[in-house]
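Participant: I have a structure here, written as structure tokens, and I will follow up with some questions on it.
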Amino acid sequence: MVMGLVGLTLAWRRAVLAWALPAFPGEAIGWCGVALWALLIVLYGVKWCIARPAAVAELHHPVQSGFVGLAGVATMLAGLIVLPTSRIFALAIIAPGMVWSLGFVIWSTGRQWMGGRELTSLTPAFYLPMGAGGFVTAIALAALGWRDWAVLAWGAAAFSSFGIESVVLHRLYHAAPLPPPLRPTLGVILAVPTVASISYLAAFGNDGALFVQALLGYGLLQAILLARLMPWVIEGGFSPGLWAYSFGLAALANASIQLGAHSGAWATLAPLLFGVASLLIAALALGTIMLLLRGRLLPVRSA
């Protein structure tokens, strides 16, 4: 949720520069994301204090563990919202997020390389520690002015994600279908090429715009495929897991706005993609609030 809200704010900041949109709506969304991040960080710390066995089990779960790695990614993104206000405060937030992301990648990838994992336990969440962690690290480093280091982070994330892509697609093509509760994780697939695109532009600048146009073309194809699968994905009804689509949608809008200055095709697509991303993320927020008010936000666990 934090990634989707902050991602939309980063896209909105691009839209302000490109189309002179008012900045307030986008910034309000971003600060809501920061508030949610702070709340979740505190609650996650409390979980480790009062429900340590559950936290440890989550850390070793083949699916849930990928999302644990996003704590660092969400932290870096929260820092990016703060950055225009205070570089020192932003750095104090971003640095721990980078440390968490890198440490988690090394720990989790080392476990994966030992083997023994069932193919059916593999979901698109497998991308998250290396892909999301590396790409967002590159974005944060570039925003802080350290683009040489951002290039290193982008390379680590990109070439790892290319390898993981073949593993995840092999599972989707050949193993049993994802069960309904796990189908929303397909939204993570959209984030790989789209977040890679904005990360590349942040690290390398506009010199690579032609390459990013091609990369984002793959992202657009993924978006169309995921839209075609949506009736199958939501067979189990609306769930907060659908937020897995939000960061990729926001990144697709963000990158298309940046590319609009270099390509007539993306100049045409950018307003449409920005509008679609904004509406879908608003729908996700509304659906989540409705679940919260009905007391159905979290699944009921049997004793």
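The values are calculated or read from the model by the stated rules, or taken from the named source; none is laboratory data. These figures come from a predicted structure and were not determined experimentally. FYI the Cβ positions are ideal-geometry reconstructions off the backbone, even for glycines, and counts take in every protein chain you see.
Participant: Could you tell me whether A202 is within 15 Å of A132 (Cβ to Cβ), in contact (Cβ under 8 Å) with a residue 60 or more places away in the chain and surrounded by fewer than 24 Cβ atoms within 10 Å (Cβ to Cβ)?
Facilitator: It is true that A202 is within 15 Å of A132 (Cβ to Cβ), in contact (Cβ under 8 Å) with a residue 60 or more places away in the chain and surrounded by fewer than 24 Cβ atoms within 10 Å (Cβ to Cβ).
Participant: On the given criteria, is R147 more than 20 Å from the chain's Cα centre (by Cα) and touching a residue at least 40 places away in the same chain (Cβ under 8 Å)?
Facilitator: yes
Participant: Additional query: Residues that are modelled with pLDDT under 90 and crowded, with 16+ Cβ neighbours inside 10 Å: does the stretch 293-301 have at least one?
Facilitator: No.
Participant: Only one of A142, A153, A125 is out of contact with any strand residue (DSSP E or B) (no Cβ under 7 Å at 6 or more places or on another chain), at pLDDT below 95 and either under 30 Å from A92 (Cβ atoms) or aliphatic (A, V, I, L, M) (or both). Can you tell me which?
Facilitator: A125
Participant: If a residue must be within 14 Å of S199 (Cα to Cα) and of a type in the set (S, T, Y), how many such residues does the stretch 125-142 contain?
Facilitator: Total meeting the criteria: 1.
Participant: Moving on to the next point. When the residues of the stretch 6-53 are filtered to those that are out of contact with any helix residue (DSSP H, G or I) (no Cβ under 7 Å at 6 or more places or on another chain) and within 26 Å of R117 (Cβ to Cβ), which remaining residue is surrounded by the fewest Cβ atoms within 10 Å (Cβ to Cβ)?
Facilitator: Only one residue tops the list, namely P53.
Participant: Check the stretch 241-262 and report whether any residue there is more than 20 Å from L8 (Cα to Cα), touching a residue at least 40 places away in the same chain (Cβ under 8 Å) and surrounded by fewer than 22 Cβ atoms within 10 Å (Cβ to Cβ).
Facilitator: Checked against the condition, which is being more than 20 Å from L8 (Cα to Cα), touching a residue at least 40 places away in the same chain (Cβ under 8 Å) and surrounded by fewer than 22 Cβ atoms within 10 Å (Cβ to Cβ), the stretch 241-262 yields at least one hit.
Participant: Quick one: which residue in R171, R117 is charged (D, E, K, R) and assigned to a helix (DSSP H, G or I)?
Facilitator: R171
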